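Asks: Right, I'll just put the structure down here and ask away after.
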Amino acid sequence: MISRTRQIARYVTGDWLATSLAWFVFNIIRFTDVVEPAKGAADLTLGSFLMITPVILGQILFPIGMLGIYYLSGYYNRPFFKSRIEEFVTTFSTAAIGSLIIYFIAIIDDPIPDRASNYELLAMLFGLLFSMVYLMRMGITWIATKMVHSGELVFPTLIIGTGDAAMALYNRLAHPRKRPTGYKVVGFAYFPGTASAAPAAIEGLPVVSFDNIAEELPRLGATHIALTTHPDGLDATLRSIHTLFGLNTPVLISPTLFNLLTPKRRLSDVAGEPLCDITGPSVGQSTLNLKRAGDVVVSSLALIALLPVFAAVAIAIKRDSKGPVFYRQERVGYRKRPFDIIKFRTMRSDAESRGPRLSVENDPRVTPVGRFLRKYRIDELPQFWNVLKGDMSIVGPRPEREYFISRILPKAPYYTLVHQVRPGITSWGMVKHGYASTVDEMVSRLQYDLIYLDNISFLVDLKILFYTVNTVLTGKGV
(Lines give C-alpha, C1' and ligand atoms only; values in the text may rest on other atoms or scores of the structure.)
Protein backbone atom coordinates (compact mmCIF):
# COMPACT_ATOMS: atom_id res chain seq x y z
CA MET A 1 0.00 0.00 0.00
CA ILE A 2 1.43 3.37 -1.05
CA SER A 3 0.41 6.22 1.21
CA ARG A 4 -0.58 9.61 -0.14
CA THR A 5 2.49 11.22 1.48
CA ARG A 6 4.82 8.64 -0.03
CA GLN A 7 3.37 9.11 -3.52
CA ILE A 8 3.74 12.89 -3.25
CA ALA A 9 7.36 12.38 -2.13
CA ARG A 10 7.97 10.31 -5.27
CA TYR A 11 6.66 13.06 -7.53
CA VAL A 12 8.62 15.76 -5.70
CA THR A 13 11.85 13.72 -5.83
CA GLY A 14 11.29 12.86 -9.48
CA ASP A 15 10.61 16.48 -10.38
CA TRP A 16 13.74 17.64 -8.57
CA LEU A 17 15.94 15.04 -10.28
CA ALA A 18 14.48 15.71 -13.74
CA THR A 19 14.70 19.50 -13.34
CA SER A 20 18.29 19.29 -12.05
CA LEU A 21 19.28 17.12 -15.01
CA ALA A 22 17.53 19.42 -17.50
CA TRP A 23 19.32 22.47 -16.08
CA PHE A 24 22.68 20.65 -16.07
CA VAL A 25 22.33 19.59 -19.71
CA PHE A 26 21.17 23.09 -20.62
CA ASN A 27 24.30 24.60 -19.05
CA ILE A 28 26.47 22.28 -21.13
CA ILE A 29 24.67 23.39 -24.30
CA ARG A 30 24.81 26.99 -23.15
CA PHE A 31 28.58 26.76 -22.71
CA THR A 32 29.12 25.06 -26.06
CA ASP A 33 26.91 27.42 -28.09
CA VAL A 34 27.36 30.73 -26.27
CA VAL A 35 30.04 31.00 -23.62
CA GLU A 36 32.85 29.12 -25.35
CA PRO A 37 32.60 31.01 -28.66
CA ALA A 38 32.47 34.32 -26.78
CA LYS A 39 35.31 33.66 -24.32
CA GLY A 40 37.49 31.31 -26.35
CA ALA A 41 38.24 27.67 -25.58
CA ALA A 42 41.66 28.48 -24.11
CA ASP A 43 40.26 30.89 -21.55
CA LEU A 44 37.49 28.72 -20.10
CA THR A 45 36.80 24.99 -20.13
CA LEU A 46 33.46 23.25 -19.57
CA GLY A 47 34.64 21.93 -16.22
CA SER A 48 35.73 25.35 -14.97
CA PHE A 49 32.51 26.93 -16.31
CA LEU A 50 30.34 24.48 -14.37
CA MET A 51 32.28 25.32 -11.20
CA ILE A 52 31.67 29.07 -11.45
CA THR A 53 29.71 30.31 -8.43
CA PRO A 54 26.70 31.66 -10.39
CA VAL A 55 26.43 28.37 -12.29
CA ILE A 56 26.60 26.33 -9.08
CA LEU A 57 23.98 28.57 -7.44
CA GLY A 58 21.77 28.18 -10.49
CA GLN A 59 22.12 24.40 -10.30
CA ILE A 60 20.90 24.54 -6.68
CA LEU A 61 18.31 27.32 -6.81
CA PHE A 62 16.64 26.68 -10.18
CA PRO A 63 15.31 23.19 -9.28
CA ILE A 64 14.13 24.49 -5.91
CA GLY A 65 12.37 27.42 -7.56
CA MET A 66 10.73 25.08 -10.07
CA LEU A 67 9.46 22.89 -7.22
CA GLY A 68 7.69 26.01 -5.94
CA ILE A 69 6.07 26.52 -9.35
CA TYR A 70 5.09 22.84 -9.48
CA TYR A 71 3.47 23.18 -6.06
CA LEU A 72 1.53 26.30 -7.08
CA SER A 73 0.29 24.46 -10.17
CA GLY A 74 -1.52 22.04 -7.85
CA TYR A 75 0.21 19.00 -9.33
CA TYR A 76 0.97 17.49 -5.91
CA ASN A 77 -2.51 18.01 -4.45
CA ARG A 78 -3.93 14.80 -5.89
CA PRO A 79 -1.19 12.17 -6.20
CA PHE A 80 -3.54 9.39 -7.34
CA PHE A 81 -6.04 9.05 -10.22
CA LYS A 82 -4.24 11.63 -12.32
CA SER A 83 -5.63 12.63 -15.70
CA ARG A 84 -3.05 12.12 -18.44
CA ILE A 85 -4.29 15.17 -20.32
CA GLU A 86 -4.19 17.32 -17.19
CA GLU A 87 -0.71 16.01 -16.41
CA PHE A 88 0.49 16.98 -19.89
CA VAL A 89 -1.07 20.46 -19.74
CA THR A 90 0.22 21.16 -16.20
CA THR A 91 3.77 20.05 -17.06
CA PHE A 92 3.73 22.04 -20.31
CA SER A 93 2.53 25.25 -18.63
CA THR A 94 4.91 25.05 -15.66
CA ALA A 95 7.86 24.35 -17.98
CA ALA A 96 6.90 27.40 -20.07
CA ILE A 97 6.59 29.64 -17.00
CA GLY A 98 9.87 28.40 -15.52
CA SER A 99 11.71 28.85 -18.82
CA LEU A 100 10.48 32.44 -19.20
CA ILE A 101 11.49 33.29 -15.64
CA ILE A 102 15.02 31.90 -16.01
CA TYR A 103 15.29 33.58 -19.42
CA PHE A 104 14.77 37.03 -17.93
CA ILE A 105 16.97 36.27 -14.89
CA ALA A 106 19.96 34.60 -16.52
CA ILE A 107 19.85 34.02 -20.28
CA ILE A 108 18.93 37.51 -21.50
CA ASP A 109 22.35 38.86 -20.43
CA ASP A 110 24.35 36.17 -22.23
CA PRO A 111 26.69 37.50 -24.94
CA ILE A 112 24.56 36.23 -27.83
CA PRO A 113 25.17 38.00 -31.16
CA ASP A 114 21.61 37.89 -32.47
CA ARG A 115 18.08 37.73 -31.05
CA ALA A 116 17.19 34.54 -32.97
CA SER A 117 19.89 32.59 -31.13
CA ASN A 118 18.48 33.93 -27.87
CA TYR A 119 15.07 32.52 -28.68
CA GLU A 120 16.60 29.21 -29.76
CA LEU A 121 18.28 28.91 -26.37
CA LEU A 122 14.99 29.64 -24.63
CA ALA A 123 13.22 27.00 -26.72
CA MET A 124 15.96 24.51 -25.91
CA LEU A 125 15.58 25.13 -22.17
CA PHE A 126 11.82 24.65 -22.43
CA GLY A 127 12.22 21.46 -24.46
CA LEU A 128 14.67 19.94 -21.98
CA LEU A 129 12.63 20.96 -18.95
CA PHE A 130 9.30 19.77 -20.32
CA SER A 131 10.50 16.48 -21.80
CA MET A 132 12.55 15.34 -18.80
CA VAL A 133 9.99 16.29 -16.17
CA TYR A 134 7.08 14.88 -18.20
CA LEU A 135 8.85 11.57 -18.83
CA MET A 136 9.65 11.23 -15.13
CA ARG A 137 6.06 12.00 -14.13
CA MET A 138 4.68 9.61 -16.76
CA GLY A 139 6.85 6.85 -15.34
CA ILE A 140 5.70 7.41 -11.75
CA THR A 141 2.05 7.72 -12.82
CA TRP A 142 2.30 4.60 -15.00
CA ILE A 143 3.65 2.54 -12.10
CA ALA A 144 0.85 3.70 -9.77
CA THR A 145 -1.81 3.07 -12.46
CA LYS A 146 -0.44 -0.39 -13.18
CA MET A 147 -0.56 -1.21 -9.45
CA VAL A 148 -4.21 -0.07 -9.30
CA HIS A 149 -5.20 -2.15 -12.33
CA SER A 150 -3.40 -5.22 -10.98
CA GLY A 151 -5.02 -4.88 -7.58
CA GLU A 152 -1.73 -4.21 -5.77
CA LEU A 153 -2.75 -0.66 -4.86
CA VAL A 154 -6.17 -0.28 -3.24
CA PHE A 155 -8.00 2.36 -1.25
CA PRO A 156 -10.09 0.79 1.54
CA THR A 157 -13.54 2.38 1.24
CA LEU A 158 -16.57 2.46 3.53
CA ILE A 159 -19.92 2.81 1.76
CA ILE A 160 -22.52 4.90 3.55
CA GLY A 161 -25.90 3.30 2.92
CA THR A 162 -27.39 -0.19 2.90
CA GLY A 163 -30.14 0.03 0.29
CA ASP A 164 -30.30 -0.53 -3.45
CA ALA A 165 -28.10 2.48 -4.25
CA ALA A 166 -25.39 1.16 -1.91
CA MET A 167 -25.55 -2.31 -3.47
CA ALA A 168 -25.35 -0.86 -6.97
CA LEU A 169 -22.28 1.17 -6.01
CA TYR A 170 -20.71 -1.86 -4.33
CA ASN A 171 -21.17 -3.96 -7.46
CA ARG A 172 -19.60 -1.27 -9.65
CA LEU A 173 -16.58 -1.02 -7.34
CA ALA A 174 -16.17 -4.71 -6.51
CA HIS A 175 -17.00 -6.06 -9.96
CA PRO A 176 -15.99 -3.42 -12.53
CA ARG A 177 -16.74 -4.14 -16.17
CA LYS A 178 -13.25 -3.40 -17.48
CA ARG A 179 -10.55 -3.06 -14.80
CA PRO A 180 -10.15 -2.55 -11.04
CA THR A 181 -11.06 0.93 -9.84
CA GLY A 182 -8.67 0.93 -6.87
CA TYR A 183 -11.51 1.28 -4.34
CA LYS A 184 -11.82 -1.81 -2.12
CA VAL A 185 -15.06 -1.89 -0.13
CA VAL A 186 -14.35 -2.90 3.48
CA GLY A 187 -17.81 -2.34 4.94
CA PHE A 188 -21.07 -0.45 5.01
CA ALA A 189 -22.61 2.04 7.43
CA TYR A 190 -26.35 2.49 7.86
CA PHE A 191 -27.76 6.01 7.92
CA PRO A 192 -29.10 7.42 11.20
CA GLY A 193 -32.67 6.26 11.81
CA THR A 194 -32.38 3.20 9.55
CA ALA A 195 -30.90 0.71 12.02
CA SER A 196 -34.03 -1.44 12.10
CA ALA A 197 -33.82 -2.06 8.36
CA ALA A 198 -30.05 -2.58 8.26
CA PRO A 199 -28.69 -6.13 7.90
CA ALA A 200 -25.85 -7.43 10.06
CA ALA A 201 -23.65 -7.91 7.00
CA ILE A 202 -23.70 -7.32 3.25
CA GLU A 203 -21.70 -9.55 0.91
CA GLY A 204 -19.86 -10.85 3.97
CA LEU A 205 -18.78 -7.31 4.93
CA PRO A 206 -19.67 -5.70 8.26
CA VAL A 207 -22.45 -3.12 8.58
CA VAL A 208 -21.64 -0.47 11.20
CA SER A 209 -23.45 2.45 12.74
CA PHE A 210 -23.13 5.89 11.16
CA ASP A 211 -23.19 7.40 14.65
CA ASN A 212 -19.91 5.59 15.49
CA ILE A 213 -18.23 6.22 12.16
CA ALA A 214 -15.26 8.12 13.66
CA GLU A 215 -14.29 4.97 15.60
CA GLU A 216 -15.23 2.52 12.85
CA LEU A 217 -13.07 4.08 10.10
CA PRO A 218 -9.69 3.28 11.72
CA ARG A 219 -10.97 -0.11 12.93
CA LEU A 220 -11.88 -1.09 9.38
CA GLY A 221 -8.77 0.59 7.96
CA ALA A 222 -10.92 2.72 5.64
CA THR A 223 -9.16 5.68 4.00
CA HIS A 224 -12.12 6.79 1.84
CA ILE A 225 -15.88 7.14 2.25
CA ALA A 226 -18.36 6.60 -0.60
CA LEU A 227 -21.71 8.24 0.10
CA THR A 228 -25.04 7.23 -1.41
CA THR A 229 -28.36 9.05 -1.17
CA HIS A 230 -30.16 8.95 2.18
CA PRO A 231 -33.58 7.22 1.98
CA ASP A 232 -35.20 10.42 3.30
CA GLY A 233 -33.83 12.56 0.47
CA LEU A 234 -31.37 15.35 -0.18
CA ASP A 235 -31.72 17.26 3.10
CA ALA A 236 -30.97 14.13 5.14
CA THR A 237 -28.00 13.39 2.84
CA LEU A 238 -26.62 16.89 3.42
CA ARG A 239 -26.92 16.46 7.19
CA SER A 240 -24.89 13.26 6.84
CA ILE A 241 -22.26 15.14 4.82
CA HIS A 242 -22.07 17.70 7.63
CA THR A 243 -21.02 14.94 10.03
CA LEU A 244 -18.55 13.43 7.56
CA PHE A 245 -16.78 16.75 6.92
CA GLY A 246 -15.16 16.59 10.35
CA LEU A 247 -13.46 13.23 9.79
CA ASN A 248 -10.58 14.50 7.62
CA THR A 249 -11.33 11.69 5.16
CA PRO A 250 -12.17 12.03 1.45
CA VAL A 251 -15.94 11.75 0.97
CA LEU A 252 -16.76 10.46 -2.51
CA ILE A 253 -20.24 10.92 -3.93
CA SER A 254 -21.96 8.66 -6.40
CA PRO A 255 -23.14 9.84 -9.83
CA THR A 256 -26.74 10.12 -8.61
CA LEU A 257 -25.72 12.96 -6.30
CA PHE A 258 -23.78 15.03 -8.84
CA ASN A 259 -26.53 17.29 -10.11
CA LEU A 260 -28.36 17.37 -6.78
CA LEU A 261 -25.51 18.96 -4.86
CA THR A 262 -23.91 21.24 -7.43
CA PRO A 263 -23.59 21.33 -11.21
CA LYS A 264 -19.83 21.87 -11.19
CA ARG A 265 -18.36 18.84 -9.41
CA ARG A 266 -14.97 17.62 -10.65
CA LEU A 267 -14.63 13.94 -11.54
CA SER A 268 -11.66 12.04 -10.15
CA ASP A 269 -11.68 9.32 -12.80
CA VAL A 270 -13.42 9.44 -16.18
CA ALA A 271 -12.46 5.99 -17.42
CA GLY A 272 -13.39 4.22 -14.17
CA GLU A 273 -16.13 4.80 -11.61
CA PRO A 274 -16.93 8.55 -11.77
CA LEU A 275 -16.66 9.33 -8.05
CA CYS A 276 -15.60 12.77 -6.86
CA ASP A 277 -14.49 14.21 -3.55
CA ILE A 278 -17.16 16.45 -2.04
CA THR A 279 -14.82 17.72 0.71
CA GLY A 280 -13.16 20.10 -1.75
CA PRO A 281 -14.60 22.87 -3.93
CA SER A 282 -15.13 22.51 -7.68
CA VAL A 283 -12.14 24.62 -8.61
CA GLY A 284 -8.69 23.98 -10.05
CA GLN A 285 -6.00 22.93 -7.62
CA SER A 286 -3.69 25.66 -8.91
CA THR A 287 -6.31 28.25 -7.96
CA LEU A 288 -6.45 26.92 -4.40
CA ASN A 289 -2.65 26.88 -4.04
CA LEU A 290 -2.24 30.36 -5.50
CA LYS A 291 -5.00 31.59 -3.22
CA ARG A 292 -3.22 30.16 -0.17
CA ALA A 293 0.15 31.56 -1.27
CA GLY A 294 -1.45 34.99 -1.73
CA ASP A 295 -3.04 34.73 1.72
CA VAL A 296 0.33 34.06 3.34
CA VAL A 297 2.10 36.93 1.56
CA VAL A 298 -0.67 39.52 2.07
CA SER A 299 -1.37 38.60 5.70
CA SER A 300 2.35 38.73 6.56
CA LEU A 301 2.74 42.19 5.03
CA ALA A 302 -0.52 43.39 6.58
CA LEU A 303 0.44 42.32 10.10
CA ILE A 304 3.74 44.21 9.81
CA ALA A 305 2.28 47.34 8.18
CA LEU A 306 -0.65 47.56 10.61
CA LEU A 307 1.38 47.38 13.83
CA PRO A 308 0.98 51.15 14.49
CA VAL A 309 -2.78 50.84 13.89
CA PHE A 310 -2.98 47.88 16.26
CA ALA A 311 -1.19 49.86 18.95
CA ALA A 312 -3.52 52.87 18.57
CA VAL A 313 -6.64 50.71 18.62
CA ALA A 314 -5.42 48.81 21.68
CA ILE A 315 -4.95 52.06 23.59
CA ALA A 316 -8.41 53.30 22.55
CA ILE A 317 -10.11 50.06 23.64
CA LYS A 318 -8.36 50.06 27.01
CA ARG A 319 -9.34 53.67 27.69
CA ASP A 320 -12.93 53.12 26.56
CA SER A 321 -13.97 50.12 28.66
CA LYS A 322 -12.74 47.40 30.99
CA GLY A 323 -11.63 44.11 29.53
CA PRO A 324 -9.08 42.63 27.15
CA VAL A 325 -8.05 44.28 23.89
CA PHE A 326 -8.58 41.16 21.81
CA TYR A 327 -11.67 39.00 21.65
CA ARG A 328 -11.34 35.27 21.05
CA GLN A 329 -14.23 33.03 20.09
CA GLU A 330 -14.37 29.48 18.80
CA ARG A 331 -15.61 29.17 15.23
CA VAL A 332 -15.97 26.22 12.86
CA GLY A 333 -13.73 26.34 9.81
CA TYR A 334 -12.37 24.24 6.95
CA ARG A 335 -13.72 20.67 7.11
CA LYS A 336 -15.42 21.53 10.40
CA ARG A 337 -12.15 22.11 12.25
CA PRO A 338 -12.72 24.41 15.25
CA PHE A 339 -10.40 27.39 15.73
CA ASP A 340 -10.28 30.57 17.79
CA ILE A 341 -11.03 33.67 15.76
CA ILE A 342 -9.21 36.83 16.92
CA LYS A 343 -10.82 40.26 16.71
CA PHE A 344 -10.59 43.58 18.52
CA ARG A 345 -13.14 43.63 21.33
CA THR A 346 -16.10 45.83 20.39
CA MET A 347 -18.56 44.86 23.15
CA ARG A 348 -18.63 44.89 26.92
CA SER A 349 -16.85 41.97 28.55
CA ASP A 350 -20.18 40.60 29.85
CA ALA A 351 -21.91 40.85 26.46
CA GLU A 352 -22.80 37.15 26.38
CA SER A 353 -23.29 36.46 30.06
CA ARG A 354 -26.78 35.14 29.20
CA GLY A 355 -25.59 32.96 26.34
CA PRO A 356 -24.72 33.39 22.63
CA ARG A 357 -26.52 36.26 20.91
CA LEU A 358 -26.23 37.85 17.50
CA SER A 359 -25.61 41.58 17.37
CA VAL A 360 -28.48 43.84 16.33
CA GLU A 361 -28.74 47.41 15.09
CA ASN A 362 -27.89 49.90 17.85
CA ASP A 363 -26.87 47.00 20.09
CA PRO A 364 -26.42 48.41 23.63
CA ARG A 365 -23.63 45.91 24.29
CA VAL A 366 -21.37 47.61 21.74
CA THR A 367 -18.96 50.16 23.24
CA PRO A 368 -18.49 53.65 21.72
CA VAL A 369 -15.06 52.72 20.37
CA GLY A 370 -16.42 49.36 19.31
CA ARG A 371 -19.11 51.04 17.22
CA PHE A 372 -16.44 52.99 15.33
CA LEU A 373 -14.34 49.84 14.83
CA ARG A 374 -17.33 47.93 13.48
CA LYS A 375 -18.38 50.75 11.17
CA TYR A 376 -15.03 50.66 9.40
CA ARG A 377 -14.42 46.91 9.95
CA ILE A 378 -11.25 47.68 11.88
CA ASP A 379 -12.21 45.03 14.45
CA GLU A 380 -11.59 42.37 11.77
CA LEU A 381 -7.91 43.26 11.19
CA PRO A 382 -6.40 40.87 13.80
CA GLN A 383 -7.85 38.02 11.74
CA PHE A 384 -4.85 38.37 9.44
CA TRP A 385 -3.14 36.26 12.12
CA ASN A 386 -5.78 33.55 11.58
CA VAL A 387 -5.06 33.77 7.86
CA LEU A 388 -1.31 33.39 8.38
CA LYS A 389 -1.87 30.34 10.61
CA GLY A 390 -4.04 28.70 7.97
CA ASP A 391 -7.32 28.83 9.90
CA MET A 392 -8.81 31.36 7.48
CA SER A 393 -8.43 32.94 4.08
CA ILE A 394 -8.72 36.62 3.20
CA VAL A 395 -11.80 35.87 1.07
CA GLY A 396 -14.15 33.03 1.93
CA PRO A 397 -17.46 32.16 3.59
CA ARG A 398 -18.00 33.72 7.01
CA PRO A 399 -17.16 31.31 9.87
CA GLU A 400 -19.90 30.69 12.40
CA ARG A 401 -20.16 29.23 15.89
CA GLU A 402 -21.38 25.69 16.40
CA TYR A 403 -24.27 27.12 18.43
CA PHE A 404 -25.66 28.96 15.38
CA ILE A 405 -24.69 26.24 12.89
CA SER A 406 -26.95 23.84 14.77
CA ARG A 407 -29.79 26.32 14.21
CA ILE A 408 -28.96 27.00 10.55
CA LEU A 409 -28.81 23.34 9.45
CA PRO A 410 -32.53 22.53 10.04
CA LYS A 411 -33.43 25.52 7.85
CA ALA A 412 -30.63 25.12 5.29
CA PRO A 413 -28.91 21.67 5.33
CA TYR A 414 -26.77 22.76 2.37
CA TYR A 415 -24.93 25.12 4.77
CA THR A 416 -22.41 22.34 5.36
CA LEU A 417 -20.96 22.90 1.85
CA VAL A 418 -19.21 26.09 3.06
CA HIS A 419 -16.80 23.83 4.94
CA GLN A 420 -15.22 22.89 1.61
CA VAL A 421 -12.92 25.93 1.88
CA ARG A 422 -11.27 28.05 4.54
CA PRO A 423 -13.57 30.75 5.94
CA GLY A 424 -12.66 34.34 5.14
CA ILE A 425 -12.17 37.74 6.76
CA THR A 426 -14.51 39.06 4.10
CA SER A 427 -16.93 37.26 1.84
CA TRP A 428 -19.44 37.75 -0.92
CA GLY A 429 -22.15 37.36 1.70
CA MET A 430 -20.68 40.10 3.89
CA VAL A 431 -20.34 42.46 0.92
CA LYS A 432 -23.87 41.86 -0.39
CA HIS A 433 -25.72 41.31 2.87
CA GLY A 434 -23.59 42.56 5.77
CA TYR A 435 -23.94 41.44 9.39
CA ALA A 436 -26.85 39.15 10.30
CA SER A 437 -28.95 39.68 13.42
CA THR A 438 -31.17 36.56 13.05
CA VAL A 439 -30.76 32.98 11.87
CA ASP A 440 -33.02 33.72 8.89
CA GLU A 441 -30.69 36.54 7.87
CA MET A 442 -27.72 34.18 8.23
CA VAL A 443 -29.45 31.76 5.86
CA SER A 444 -30.13 34.60 3.42
CA ARG A 445 -26.47 35.63 3.52
CA LEU A 446 -25.46 32.01 2.99
CA GLN A 447 -26.83 32.05 -0.57
CA TYR A 448 -24.05 34.40 -1.66
CA ASP A 449 -21.36 32.24 -0.05
CA LEU A 450 -22.65 29.17 -1.87
CA ILE A 451 -22.49 31.05 -5.16
CA TYR A 452 -18.90 31.96 -4.31
CA LEU A 453 -17.98 28.28 -3.87
CA ASP A 454 -18.83 27.60 -7.51
CA ASN A 455 -17.08 30.73 -8.77
CA ILE A 456 -13.81 30.86 -6.83
CA SER A 457 -11.17 32.63 -8.87
CA PHE A 458 -8.50 35.30 -8.56
CA LEU A 459 -10.72 37.87 -10.30
CA VAL A 460 -13.74 37.12 -8.10
CA ASP A 461 -11.58 37.51 -4.97
CA LEU A 462 -10.29 40.84 -6.27
CA LYS A 463 -13.84 42.02 -6.92
CA ILE A 464 -14.93 41.09 -3.37
CA LEU A 465 -11.88 42.84 -1.94
CA PHE A 466 -12.67 45.96 -3.97
CA TYR A 467 -16.19 46.13 -2.58
CA THR A 468 -14.88 45.39 0.91
CA VAL A 469 -12.49 48.33 0.71
CA ASN A 470 -15.37 50.48 -0.49
CA THR A 471 -17.43 49.35 2.51
CA VAL A 472 -14.58 50.21 4.87
CA LEU A 473 -13.90 53.64 3.38
CA THR A 474 -17.57 54.63 3.35
CA GLY A 475 -18.19 53.34 6.86
CA LYS A 476 -20.92 50.90 5.89
CA GLY A 477 -19.65 48.10 8.12
CA VAL A 478 -22.46 48.30 10.68
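Asks: Kindly state, to the nearest 0.05, the FRET efficiency for S93 paired with K322, given R0 = 41 Å and r defined as their beta-carbon distance.
Replies: About 0.10, to the nearest 0.05.
Asks: If you don't mind, there's one more thing I want to ask. Where only protein heavy atoms count, and the probe is 1.4 Å, what is the accessible area per residue for the stretch 384-478 in Å²?
Replies: 43 Å²
Asks: What full-extension length gain, to one decimal in nm, is calculated for I28 and K463 as 0.36 nm per residue of separation minus the Cα-Cα distance?
Replies: Here the answer is 151.9 nm.
Asks: Which one of T223, V325, L61 is farthest out on the positive end of the charge dipole of the chain, using unit charges on Cβ (Lys, Arg +1; Asp, Glu -1) and the Cα centre as origin?
Replies: V325
Asks: In what sequence, highest mean first, do 76-87, 397-408, 126-137 appear when ranked by Cβ atoms within 10 angstrom?
Replies: Going by the mean number of other Cβ atoms within 10 Å, highest first, we get 126-137, 397-408, 76-87.
Asks: Determine which residues of the stretch 1-30 fall in the zone a paramagnetic label at M147 would reach in this model, i.e. backbone nitrogen under 13 Å from the point 7 Å along Cα→Cβ.
Replies: 1-11
Asks: Taking only protein heavy atoms and a 1.4 Å probe, what accessible area per residue, in Å², does the stretch 134-188 have with all protein chains in place?
Replies: Result: 50 Å² of accessible area for each residue.
Asks: Report, in deg cm²/dmol and to the nearest 500, the calculated mean residue ellipticity at 222 nm for the chain, where each DSSP H run with n ≥ 4 adds -39500 (n - 2.57) and the sum is divided by the residue count.
Replies: It comes out at -16000 deg cm²/dmol, rounded to the nearest 500.
Asks: Using only C-alpha atoms and all pairs of different ones, pull out the Kirkwood radius for the stretch 384-478 in Å with one decimal.
Replies: One decimal place: 13.6 Å for the Kirkwood radius.
Asks: Report the FRET efficiency, 1/(1 + (r/R0)^6), for D211 and E330, where r is their Cβ-Cβ distance and R0 is 25 Å, rounded to 0.05.
Replies: Efficiency at R0 = 25 Å is approximately 0.60.
Asks: How would you rank 10-22, 314-326, highest first, on the average number of other Cβ atoms within 10 Å across their residues? Show your work: numbers first, answer last.
Replies: On the way: 10-22: 19.2, 314-326: 14.2.
In decreasing order of mean packing, 10-22, 314-326 become 10-22, 314-326.
Asks: Roughly what % antiparallel, to the nearest 5, for the DSSP beta bridges in the chain?
Replies: 40 percent
Asks: Sticking with this structure for a sec: Considering the Cα positions of the stretch 329-441, please state its Rg to one decimal place and its Dmax as a whole number of Å.
Replies: 13.9, 37
Asks: With the radius of gyration and the Kirkwood radius both derived from the Cα set of the stretch 164-220, what is their ratio Rg to Rh?
Replies: Expressed as Rg/Rh, it is 0.99.
Asks: Right, next: Any idea how far apart V439 and R357 come out in nm if each label point goes 7 Å out from Cα toward Cβ?
Replies: 1.8 nm
Asks: What is the percent carbon and sulfur in the accessible area of the chain, measuring with a 1.4 Å probe over the protein chains and ignoring ligands? If you can, show how the numbers build up before the last one.
Replies: On the way: 14480 of 23400 Å².
Its accessible area is 62 percent carbon and sulfur atoms.
Asks: Then there is this: Quick check: convex hull over the Cα atoms of the chain, volume per residue in Å³, rounded to an integer?
Replies: 182 Å³
Asks: On the first, second and third principal axes, largest extent first, how far apart are the outermost C-alpha atoms of the stretch 372-419 in Å?
Replies: The Cα atoms of the stretch 372-419 stretch 33, 27, 16 Å along their principal axes.
Asks: To one decimal place, what Kirkwood hydrodynamic radius in Å is obtained for the stretch 424-470 from all pairs of distinct Cα atoms?
Replies: Averaging 1/r across every pair of different Cα atoms and inverting gives 10.9 Å.
Asks: Which one of S150, F384, F344 has its Cα pushed farthest toward the positive end of the charge dipole of the chain, where Lys and Arg give +1 and Asp and Glu give -1 at the Cβ?
Replies: F344
Asks: Something else: Structure shown: which of K146/K389; K389/K463; K82/K291; K336/K411; K375/K411; K375/K463 lie over 27 Å apart, alpha-carbon to alpha-carbon?
Replies: From the list (K146/K389; K389/K463; K82/K291; K336/K411; K375/K411; K375/K463), the Cα-Cα distance tops 27 Å for K146/K389; K375/K411.
Asks: Would you mind putting 142-153, 224-235 in packing order, based on average other-beta-carbon counts within 10 Å, highest first?
Replies: On the way: 142-153: 14.9, 224-235: 19.4.
Put in order of decreasing packing, that is 224-235, 142-153.
Asks: Taking the Cα centre as origin and putting +1 on Lys and Arg beta-carbons and -1 on Asp and Glu beta-carbons, what dipole magnitude results for the chain, to the nearest 20 debye?
Replies: On the way: 51 positive and 39 negative charges, 243 e Å.
Result for the chain is approximately 1160 debye, rounded to the nearest 20.
Asks: Mean separation of Cα pairs under 8 Å and 6+ residues apart, divided by the residue count of the stretch 131-266: what relative contact order is that in percent?
Replies: Relative contact order comes out at 23 percent.
The values are calculated or read from the model by the stated rules, or taken from the named source; none is laboratory data. Note that the structure is predicted; figures quoted are calculated from it, not measured. Backbone-built Cβ (ideal geometry, glycine too); neighbour counts: all protein chains shown. Surface areas here come from the heavy atoms of the whole protein model, side chains and all, with no ligands, DNA or RNA. Shrake-Rupley method; radii C 1.70, N 1.55, O 1.52, S 1.80 Å.
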